[in-house]
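What follows is a set of notes on a single structure, which appears directly below.
The values are calculated or read from the model by the stated rules, or taken from the named source; none is laboratory data. Note that this is a predicted model, so its numbers are computed, not measured. Here the Cβ positions follow ideal geometry from the backbone for every residue, glycine too, while neighbour counts run over all protein chains shown.
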Amino acid sequence: MKSSGTKSFVNIRFVITILLGLIVLGCENQSNTPLSGRVQGMSMAPGFQDGDVISWQRGEENSFSRYAPVVCQFKEELIIKRVIGLPEESVRITDGELFINGEIIRKSPQLLKQFGLMIDDQADSWRDSTHSWIQTNNRWSCNHVSSKHTSWLEFSPESSLSVLHNEDGLRVYDDASWLMEETRSLNSVQDIGISVVLDIRLQEGNSLEVLVKNGQDIARVVVKRQGQLAVIAGRLDGQFVIAAWPIPRKRPAGEIYDDRNKYVRSELPAAWSARLNVPNKKNLAHSVPTLAVGIKSLSVQGKLLSDEPCIVKAEAVCVWRDIYWLATPNKTKWNVPKDHIFVLGDCPAASRDSRHWGCLPCDAIQGKVLREPFFQEFPAWLSHN
């Protein structure tokens, strides 16, 4: 065992191909000192990649929460999984969604940061559907925002390499690009949305309406001052959701730059700005819905308070999809016994977990992983800790 600072390093051996195996070599951690190990395997990809070093720390008994990534004892190995079902709950997986005690469990913006997978980040995959936008390299600009009509920038699935063309339409599937080979049948994913950074130049006194369209659903946000605005919206867990928040231009303490050298907040909002229940998936078309972001100047009694034009630039426009949970061929529902937990891997196609070998006793949890997973597939302008 090697020691560095306050952390102990534990050697890890990979035993089962699709499990993340950890074996402690002659070491018992009697204190609350964090332990570290190296990830091998893809059951928690893409957030925890093969070769990543993770640390975990034992907390108070039963102090874990839903969605927390934890290190657990399974037989003679340590594995990393995510807590899904708590003691005496029922867990069901249907059409890629998770249900607890019969109710769908919904993700916050911060959880979408962990589970969201980017499927397209190319500016060329978008089109100007109202003759209002101009593309310059990797950004789009609207130099004359109208108060009479909405200027729409629309995702063009026909131009995207991540959207497959089938006889019955254009579809997004739950394939995992980080897996070398998949032999299973893929599932059509309907929980998809967009993310964008809008650089808004707005004269004092004027206001702007930002709209996001996902099929027949439209969400609106009113902007009353200029600056950069981050927007995430789309269909998620049976709802149409939207979150919008300003991005500071100066760098306060505790905030970071991402790999595109763009300054962003280190934390997403804790809750959605607006949510709207949408039809059950069985009633939805499987083709990719219309995805678009629109802008429109708002007038007071038919007049703008300033004649200066409003200018908007759209940067880092991305299309994302949610994780698609997989049941097993023979089982879709599990009851969690008292003092047990139900765990899953973040990569359902590659993980062996409670779907296959049942629930784990709560005392099998060795500790909570001390960092959030970073999904490099998710929009790069979202910062990570």
Quick check on my filter: what residues within the stretch 147-173 are over 21 Å from V197 (Cα atoms) and either aromatic (F, W, Y) or exposed (fewer than 13 other Cβ atoms within 10 Å of the Cβ) (or both)? K148, H149, E158, L161, H165, N166, E167, D168, Y173
Selection status of S55, surrounded by 16 or more Cβ atoms within 10 Å (Cβ to Cβ), outside any strand (DSSP E or B) and not hydrophobic (A, V, I, L, M, F, W, C): no
With the first residue restricted to the stretch 113-138 and required to be closer than 16 Å to C318 by Cβ, and the second required to be of a type in the set (S, T, Y) and part of a helix (DSSP H, G or I), Cβ contacts under 7 Å at 6 or more apart or on different chains are D124/S159; S125/S159
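For L111, are the conditions met, namely being hydrophobic (A, V, I, L, M, F, W, C), under 26 Å from R220 (Cα atoms) and not assigned by TED's automatic domain parsing to the domain that holds Q239? It would help to see each step written out before you state the result.
Working: hydrophobic (A, V, I, L, M, F, W, C): yes; under 26 Å from R220 (Cα atoms): yes; not assigned by TED's automatic domain parsing to the domain that holds Q239: yes.
Considered against the rule, which asks whether it is hydrophobic (A, V, I, L, M, F, W, C), under 26 Å from R220 (Cα atoms) and not assigned by TED's automatic domain parsing to the domain that holds Q239, L111 comes out as yes.
Restricting attention to the stretch 91-138, which residues are part of a loop (DSSP other than H, G, I, E, B) and touching a Lys or Arg at 6+ places or on another chain (Cβ under 6 Å)? Steps first, answer last, please.
Here is the first cut: in the stretch 91-138, the residues part of a loop (DSSP other than H, G, I, E, B) are 95-96, 101-102, 105-108, 116, 121-122, 129-133, 137-138.
Once the filter is applied, which keeps residues that are part of a loop (DSSP other than H, G, I, E, B) and touching a Lys or Arg at 6+ places or on another chain (Cβ under 6 Å), the stretch 91-138 yields only D95.
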Can you tell me which residues in the stretch 328-355 are at pLDDT 95 or above, hydrophobic (A, V, I, L, M, F, W, C) and in a loop (DSSP other than H, G, I, E, B)? V336
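In this structure, is L186 surrounded by 15 or more Cβ atoms within 10 Å (Cβ to Cβ), in contact (Cβ under 8 Å) with a residue 12 or more places away in the chain, closer than 30 Å to Q40 by Cβ and outside the structural domain of V317 (by TED's automatic domain parsing)? Quick ask: steps written out before the conclusion?
Working: surrounded by 15 or more Cβ atoms within 10 Å (Cβ to Cβ): yes; in contact (Cβ under 8 Å) with a residue 12 or more places away in the chain: yes; closer than 30 Å to Q40 by Cβ: yes; outside the structural domain of V317 (by TED's automatic domain parsing): no.
Criteria not met by L186.
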Reported set for the stretch 215-241 where residues are in contact with a strand residue (DSSP E or B) (Cβ under 9 Å, 6 or more places away or on another chain), more than 17 Å from V197 (Cβ to Cβ) and surrounded by fewer than 21 Cβ atoms within 10 Å (Cβ to Cβ) is G215, D217, I218, R220, V222, K224, D237, G238, Q239
Given the condition in the same structural domain as V343 (by TED's automatic domain parsing), closer than 25 Å to L98 by Cα and either modelled with pLDDT of 50 or more or among the polar types (S, T, N, Q) (or both), answer yes or no: does some residue in the stretch 23-32 qualify? no
